[in-house]
Each structure stands twice: as C-alpha cells, then as structure tokens.
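Q: Take a look at this one; I'll ask things after.
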Amino acid sequence: MSEPVTAATSAGATGSIYDIGYRRYEGTRLGRGHAARSLFVHSLRSSYGIGRGGRAKIAPIILGVMALIPAVGIVAALTLFAQFGAGREFDEQVPIRYDTYAGTISTIVILFCAAQAPELFGRDQRHGVLALYFARALRRSDYALARIGGFIAALLILELLPQVILFLGRVLLTSDIPEAVADDLPSVGPVLAQSALAAGLLGGLSMVVSAFTPRRAYAVAGIIALFTIPNVVAGIVVGLGSSTIGTWLTLVSPTSILDGTNAFLFDTRLDSDFFFVDLPGIAFVGAALVGIGGSIAITLRRFARIAT
Amino acid sequence: MGVALISIRNLTKRYGSSITALDGLTVDIEPGIVGLVGSNGAGKSTLLKILLGLIGATSGEATVLDLDVRTRGTDIRQRVGYMPEHDCLPPDASATDFVSHMALISGLPRTAARERTAEVLRHVGLYEERYRAIGGYSTGMKQRVKLAQALVHDPVLLLLDEPTNGLDPTGRDEMLELIHRIGAEFGIAVIVATHLLGEIERVGSHLVAIEGGKLLRSAPLGEFIEHTGTLAVEVDEGSETLAERLAADGLSIALDGRAVLVDVADGRPYDLVRDAVADLGLPLVRIERRRHRLEDLFRDAAPVPAGPAGHGPAAARDQVGVDPAVGGPS
C-alpha cells in the first residue's frame, strides 16, 4: 500500500524516494473558467497556425499579408506624396479609406474563414480529440463558445490590424498630429462596429459549417458556397424582374448584409446600381446580429448533442 | 477509507428502444487496479462514459469518489483521467504541446502544466520524440501519449479503455508494466476496461466481469485463479499418448490441439506430468499454467455478485474463439 506523500508530510527519508519517482500535484487547480480561457487562446493561436506544424502557417500568413497590403501600400504612397506636398490631395482621391477597407479585404477574410475555420472544429472531430475535451472540467457549451470566440477574435485581428496601420500612417505622416487624430476619431466607432459585425457574422457562419462537416474539403467548399451563392441568386432573381424577393434575398447573403451595415455605419450611400439600396440600414444590422446569434445557438446545440 | 471508490446501483442504459448497453448493473469498486472485463459490446465503454458523466444513464444511480455522476460530472472529471479506446490525438501537434494544452484544459496553471507534461512524458517513456508531430508516431507511442494526457493533471482515478489496443506483444508488455506502476507506485486507482482477461491477470488486483450489460462476477483476482487452475502441457508429438497416461493416473484431462490440459485443483499434477513425459520420452515444448479465459467466465455465467462459483473439473472443452466478436455499442 503506497500512501501518497504530500509535500507537507514528506519529511526526510520518504521524501527522497518520491523525488525520483512519481510526484503528486499539490498546486492550485483552476476550474472551468481557466480551461475555457485556455481553449480560447488556443483557438486564436491555432487560427494563425501557431503551435502547429510549419505547413499550417502558410495559408494564414499569406492571407494575413494580403489583408495588410492595401494599408501598407496606402501609407507608403502617402509618404511619397507628402514629400511633394500633395498629401492632402492624395488623401482625398485615394479609394481605400476606413469606410471601404472592410469591403476591400472581404474576399481575403472569406478565404481565411474557408481555410482556417475547418481546422478548429473539424480537427477535433476528425481525430476524436473532442472526447478528451469533454472528459475534462470543460462543459460542452464552454468548448463551443471558446472555439467560436477564439476564431472570431482571430478574424477581428485580421480586420483591425491593417486599419490600425492605416491610422498610424495617416496620423504620423502629417505635420499637425492632433488635428489628424481629431479628423480620424469619428471613424473609430464605425470601424470597430463594422469589423466586429464582419468578424462575428463570417466567423460564426463558417464555424457552423465546419461544426457539421468534419471533412475538411467539404467544409471549405461549404463555407465558400455559403458566402457567394446567396448573393448570386439574389442578383439573378432581381435580374429576372422580381425585385421584392431579390431585396429580401439579400438579407440572407452574408456579404450583402455586411455591405449594408458598412453603408449604414459610415453613413455612405450604397452604389446606386445596388439593388438593395431601398432597405433601411438598420435592417442590415439586424440581419447581421440575427446571423451571429443564430450561428452561436446552432453551434451550441450541435455540440450539446454530438456523440463522442 | 471504507467508502467505495465507485458505487453503481441498478444502472441501465438504453440506446433507442432496441439496444440495451447496460442492464440493471449493480457493483461496488474499491481502489486498486481493477479489471473491467467483457467481450466487445458488453457495455464497458458505455459504463466508463457514464461514470465520467459524458452520457446519462437511462435509469439507476452511480457515484464516483462519492460524487453523483448525474449532478457532479464537472467535479468528477476534474479528478479523473480518461484514456479513450479510439484515436484521440491531433497528428500535427507535438506530444509536448498537446499534453500541456490538455493540462491547461484540466485546470493547471501554465507553469505547472509545462512541468507536469515533462514529468509525465518521462514516466510513460517518451523522450526526444516528444517534440515531433504525433502524426509520425508508432501506435505504441500514441498509446503512451494518450496515457500521458490522462495522467497529466494527477488524477485520483484513471479510466483506461482498452489501453493495449493495437499494440505488438512488446508494446503490450510495456503498457501493462506502466499500468502496474501507476497503480502500485503512483498510488492512483486504475480501472482497465479490456476484453483480454490475460492482461488483467498480470496487473490487476480485482476483476469485474460484465456481459450483455449485466454483472457476471466481481471478485479479487486471486479467487478467479484459485478455482480455475489448468495446466497446459504442450508436446510436439504424442499428445494422445500423454493424455491416456495421465488419465490412467487419475487426472481429469482434456485435449486442446497439441496441448494436454490438466486440472490442477490438487497439488499432484506437476510431479505426475513430469514423470509421464519423462517415461514416454516425449518432446516437451512447454508447461504453462492456464487461467480462466473470458469464455470460461461466461460459461459459469450466473449473474450473482461475488459468488465463488464452484468450477467443475475441466471436462471436454472445445477450443472457443478467443475473441467473441459481438457487435453493438462499445
């Protein structure tokens, strides 16, 4: 009978025996919250391939760099024009601004979703890791929320980092920094809100798809289809002359919803040939929020029932 | 510590209306290395999952460490380590990264998680290779990682589901040795679910046999062995001659291929066998003490708890398939 010797009771001879053998863990045990936070961080890191093999980093690094290129390019050009005293003119002409940035990189964000979302949920299901998570202090809902949250946080970084660079470039390259900050400050709210809606909606929906399709290839195809087909269908329906149905169909197209919220948040008008121009802006925000809430609810339900 | 480690009362689990995985199971399990033995589909995996609170029972009660599995699942899972039967490792992570991640999920702080990971991987015998991706590991190494992740948070109780699955004989010996050390040296209670009775005989202290979701027997291992001694005498040729000679000596014998099975209920057979083989000049291959095979347990199958069930002389015994593959939920 080997009694476990605790640090407090192991004095002298017995202690030395246990030093070379198995040692009990007497330290603190943090509960569910710590477990969920750790999984959140793990999901965020895994989304960028950190802590996985070298090959897992290729896609996120390429897409991350592509998302940065417009911002870096604008800042570089701005530096050049500012040297010739034409900074302000350039600034007024350039098409890539806070209110267009999300739209500019939306394709990259969608590709990032298609490439990385299946890694998080699909991997755990394909390789049976789910059983190990559920056999720990974590609850099934904790697992689902931590994974979704980590992925949405990864997307948020993808959306916001270029705009932070844009902001720093614009501010630091002018002679009057306080004025430049004051100029850009009103955009901060809309930028944050639009990035949050985009990350939440695209991230949430791609996590739903990957939660139900452990096979990576199918999940990738499913995510891309979900983000492109409704938009195309809506366009066709409108083209056939049924603009009412087409208008409402745009509210099931994630990319159209985000175009709409962008226009609403930055108070710009959608291009006049956009067929859904008539809808009130708040309808798009509502649709985005419903989409985010719905995808979280569906994912929670999925993992509450999945067999391990 | 008079309290049972695990107490199961009338536990029933049905899948749908047709499949019954557990059928009114009642048994107490004490600390030690306990073998949970049954054929495939007997309900072993289902029982382990219910004990972990991973799935709910249809009816009945169970407590683990005095905690109700229905209401205290989270508390139970914090103190229990679980090694599932199936693959459960991501191929693109290294053993170190994966096990320390699992330690974090078990509630260990970051530094402690790293220290415990290094220690546990050393205990299970993974060294330099622990920094390589798991996808390139052999089955034996993967099983060690699975064991390490179950052990990393220093559980009070370890639930192992078919831990020697897919291992070659050497790997099996090493895994069993490891399980024995965990139970005997580390002082962690272990429950090993397996369909191979021979493995439990080597490491276990107690045996719980179930079949069709019902309890066949629960008894200390010694009791099983005492009542079931069979000596297998294997000769290259002349097994019939040997059998006749031993029968003439008054032993109850049976033939099993080239081996002659002798009942060793009394102490005499060893000398008689030695003399018989020597007198007949037979090429002896081995003399081996054979123990209960799983199917023997099922043959006595009166579902009475802890009955020392008198075992008749080893009469005509057919060679039964070692692995009675029965389909069903596992």
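Read-outs: derived from the displayed coordinates by stated rules, not from any lab. Only a predicted model underlies this, so the values are computations on that prediction, with no experimental measurement involved. Here the Cβ is made from the backbone with ideal geometry for all residues, glycine too, and neighbour counts use every protein chain on show.
Q: Quantify how strongly other chains surround peptide B:79-88 by giving the mean number of their Cβ atoms within 10 Å of each of its Cβ atoms.
A: Going residue by residue through B:79-88 and averaging, the value is 4.
Q: If you take the beta carbon distance between B:ASN10 and B:ASN40 as r and set R0 to 22 Å, what does 1/(1 + (r/R0)^6) give as a FRET efficiency, to the nearest 0.05?
A: 0.35
Q: Moving on to the next point. Quick one: net charge around A:ASP183, please, counting Lys, Arg +1 and Asp, Glu -1 for every other residue with C-beta under 14 Å from its C-beta.
A: -3
Q: Suppose every Lys and Arg Cβ carries +1 and every Asp and Glu Cβ carries -1, with no other charges. What dipole size does chain A come out with about its Cα centre, to the nearest 20 debye?
A: Around 2020 debye, computed over chain A.
Q: Take the protein assembly as shown, compute every pairwise Cα distance, and split them into 10 Å bins from 0; I just need the percent in each bin.
A: Calculated P(r), rounded to whole percents: 3, 13, 19, 18, 15, 12, 8, 5, 3, 2, 1, 0.
Q: Given the options B:VAL152, A:ALA221, B:ALA95, identify the residue whose Cα lies farthest towards the positive end of the charge dipole of the protein assembly as shown (+1 on Cβ of Lys, Arg; -1 on Cβ of Asp, Glu).
A: A:ALA221
Q: Please list the equivalent ellipsoid semi-axes of segment B:6-225, computed as the square roots of five times the alpha-carbon gyration tensor eigenvalues, in descending order and whole angstrom.
A: Over the Cα atoms of segment B:6-225, the ellipsoid semi-axes are 28, 20, 16 Å.
Q: Have a look at A:TYR143, A:TYR22, A:TYR98 and tell me which one the Gaussian network model of chain A (Cα, springs below 10 Å) gives the largest fluctuation.
A: Per the Cα network of chain A with a 10 Å cutoff, A:TYR22 tops the list.
Q: Taking neighbour counts of Cβ atoms within 10 Å as a proxy for exposure, in what order, fewest first, do B:PHE98, A:PHE90 appear? Display every interim value, and only then the final one.
A: Working: B:PHE98 23, A:PHE90 15.
Ranking B:PHE98, A:PHE90 by Cβ neighbours within 10 Å, fewest first, gives A:PHE90, B:PHE98.
Q: Return the FRET efficiency for the residue pair A:LEU80, A:ARG305: r is the Cβ-Cβ distance, R0 is 45 Å, and the value is rounded to the nearest 0.05.
A: That gives a FRET efficiency of 0.20.
Q: Here is a follow-up. Please give me the summed charge of the neighbours of A:GLY122: other residues whose Cβ is under 10 Å from its Cβ, Lys and Arg +1, Asp and Glu -1.
A: With Lys, Arg at +1 and Asp, Glu at -1, the neighbours total +2.
Q: Which one of B:HIS123, B:GLY43, B:MET175 has its Cα pushed farthest toward the positive end of the charge dipole of segment B:6-225, where Lys and Arg give +1 and Asp and Glu give -1 at the Cβ?
A: Result: B:GLY43, furthest along the dipole toward the positive end.
Q: What is the mean number of Cβ atoms from other protein chains located within 10 Å of the Cβ atom of each residue in peptide B:97-106, rounded to a whole number?
A: Numbers: counts 3, 3, 0, 0, 8, 6, 3, 9, 16, 12.
Counting other chains' Cβ atoms within 10 Å and averaging over B:97-106 gives 6.
Q: Putting +1 on Lys and Arg Cβ atoms and -1 on Asp and Glu Cβ atoms, find which of A:ALA196, A:LEU168, A:SER46 reaches farthest to the positive end of the dipole of segment A:32-227.
A: Checked the options; the winner is A:SER46.
Q: Sum -39500 (n - 2.57) across every DSSP H segment of at least 4 residues in chain A, then divide by the residue count to get the 222 nm mean residue ellipticity, nearest 500.
A: About -25500 deg cm²/dmol.
Q: To the nearest whole number, what is the average tally of beta carbon atoms from other chains within 10 Å of the beta carbons of peptide A:121-132?
A: Whole-number average of other-chain Cβ neighbours for A:121-132 is 5.
Q: Now, a different point. Quick one: compute a quarter of the convex hull surface over the Cα atoms of chain A and quote it in nm².
A: Here the figure is 23.3 nm², rounded to one decimal.
Q: Connecting C-alpha atoms closer than 10 Å in a GNM of chain A, tell me which of A:ILE96, A:ILE148, A:ILE292 has the biggest fluctuation.
A: A:ILE96
Q: Still on this model: Rank-order A:110-123, A:48-61 by packing density, defined as the average count of other C-beta atoms within 10 Å over each peptide's residues, highest first.
A: The most tightly packed comes first, giving A:110-123, A:48-61.
Q: Could you give the size of the charge dipole of segment B:6-225 about its Cα centre, using +1 on the Cβ of each K and R and -1 on the Cβ of each D and E, expressed in debye and rounded to the nearest 20?
A: So the dipole magnitude of segment B:6-225 works out to roughly 520 debye.
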